[in-house]
Amino acid sequence: MASPVPIRSVREYAMTLVQFPTYRRTADVRRCAATLRDLQGEAANGFWRAEMARLASALRRLGSSDDEIALQARLFMDAVQVELQAAFAHESAG
């Protein structure tokens, strides 16, 4: 007869929370790009500032450092820019 496996509490396991990279949040990237395509001027600026504030707040709640928040915001911004460029190229081609 096999000896029973001891049951351990969750507290006994060391766990690390890994943040999913912001630039890989495809739905959020596409949502922001689509919204920005329809906005101009101050409306676009206000939308983007609100999105960045929301992103920073969410990352801060997860315990991200200021440097990590800045990096993730920059990567997200780059992903949105790529999405916008792809949309404009598609519109221009067709």
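The values are calculated or read from the model by the stated rules, or taken from the named source; none is laboratory data. Treat the numbers as computed from the prediction; the structure is a model and nothing was measured. Quick reminder, even Gly has a Cβ in these numbers, built from the backbone with ideal geometry, and neighbours come from all protein chains shown. To get the accessible areas, we keep the full protein, side chains included, count just its heavy atoms, and leave off ligands, DNA and RNA. Shrake-Rupley method; radii C 1.70, N 1.55, O 1.52, S 1.80 Å.
Of note:
- Residues in segment 63-94 that are closer than 13 Å to THR22 by Cα and open to solvent by 60 Å² or more (accessible area, probe 1.4 Å): GLU68, LEU71, ARG74, MET77, ASP78.
- Residue ID - surrounded by the fewest Cβ atoms within 10 Å (Cβ to Cβ), chosen from residues in segment 52-62 that are part of a helix (DSSP H, G or I) and aliphatic (A, V, I, L, M): ALA53
- The set of residues from segment 8-38 being part of a loop (DSSP other than H, G, I, E, B) and either surrounded by 12 or more Cβ atoms within 10 Å (Cβ to Cβ) or modelled with pLDDT of 65 or more (or both) comprises GLN19, PHE20, PRO21, ARG25.
- The single condition among (1) of a type in the set (Gly, Ala, Ser); (2) closer than 23 Å to ALA89 by Cα; (3) surrounded by 12 or more Cβ atoms within 10 Å (Cβ to Cβ) that GLY41 does not satisfy is (3).
- Selection from segment 44-76 of residues that are in contact (Cβ under 8 Å) with a residue 40 or more places away in the chain and closer than 21 Å to PHE88 by Cβ: LEU75, PHE76
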